[in-house]
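Following: one structure in C-alpha cells, then a few remarks.
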Amino acid sequence: MVHLRIFIPYGLVIIFSLTTVFAQTAAPGANCAKKSNTSCEQCLKDVSCLWCRTTKQCISYPVKTILPPHSLCPLNEARWGLCWVNFQALIIAMSVVAGIIIIAIMICCFCCCKCENVGTKRAEAKMDKQADKRKVRQDERKTEMKMRHEEIRNKYGLTGSNPYSKFENN
C-alpha cells in the first residue's frame, strides 16, 4: 500500500496532461492558416500553430495525433515554439530528459528501500551484539556466584553428597 502512494502523484500528472491535450479545440486553426506564407516568427506567435519550413505554411497543431503526421509536415522540418528548434530534435531531447528523470526516480526509490533495509539490519546486528554481551556478563556472574557458594560450603564443611549428613551424625 505504501508503494502505491508513491505513484499516485505521477498518475495524476499523466491524467491531467492527457485531459489538457484532448481538451484543446481546433478553432484556432483558421487563425494559423491566415499566417501561411509569412514568416516562422509570425506563425509561432500563436502557440497553437506549427510552422512547416519546406512548404512555408502555418498549420494548426494536430492535437489529436500528438505528433504531426509526415504527410502534413516532416518532423525534421516542423517548428513549434521556437523557429530555431527542430521538432524532431525537441522530441528526442524531451525523451532523453524524461528518461533521465524516470531513471533517477527509480534509482532514488531503489536506494531508499535498500538503505531502509540496511539500516534495520544494522540495528538488528547492534541489538544482537548487545544481547550477546549481556549473556556473557550474566554467565560470568553465575559462575562467580557458584564459586562463592562452593567456597561457603567448603568453609562450613557442607561439601558432601548430602549437605545435611553432618547434622544427622550428631
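Looking only at region 17-40, how many residues end up being at pLDDT 85 or above and closer than 16 Å to F87 by Cβ? Residues that pass the stated criteria total 1. Number of residues in region 35-67 that are touching a residue at least 40 places away in the same chain (Cβ under 8 Å) and of a type in the set (A, V, I, L, M): the value is 2. Cβ-Cβ distances below 9 Å connect the following pairs, each with a first residue in region 68-93 that is over 13 Å from T55 (Cβ atoms), a second residue that is hydroxyl-bearing (S, T, Y) and part of a loop (DSSP other than H, G, I, E, B), and a separation of six or more residues or different chains: W80/Y61; C83/S39.
Considering L90, L75, L82, the condition of being touching a Gly at 6+ places or on another chain (Cβ under 8 Å) and either modelled with pLDDT of 90 or more or within 24 Å of A33 (Cα to Cα) (or both) is satisfied by L90 alone. Take L67 and tell me if it is surrounded by 16 or more Cβ atoms within 10 Å (Cβ to Cβ), farther than 12 Å from C32 by Cβ and modelled with pLDDT under 85. No. Exactly one residue out of T159, T120, T143 is in a helix (DSSP H, G or I) and modelled with pLDDT under 80: that is T120. Only residues that are in a loop (DSSP other than H, G, I, E, B) and farther than 21 Å from S95 by Cβ were counted in region 48-71, giving 6.
Condition first: assigned to a helix (DSSP H, G or I), of a type outside the set (G, A, S) and in contact with a helix residue (DSSP H, G or I) (Cβ under 9 Å, 6 or more places away or on another chain). Can you find one or more residues in region 83-98 that meet it? No: region 83-98 contains no residue that is assigned to a helix (DSSP H, G or I), of a type outside the set (G, A, S) and in contact with a helix residue (DSSP H, G or I) (Cβ under 9 Å, 6 or more places away or on another chain).
The values are calculated or read from the model by the stated rules, or taken from the named source; none is laboratory data. As the structure is a prediction and not an experimental result, all values here were calculated from the model. All Cβ positions, even for glycine, are placed from backbone atoms using ideal geometry, and neighbour counts span all protein chains on display.
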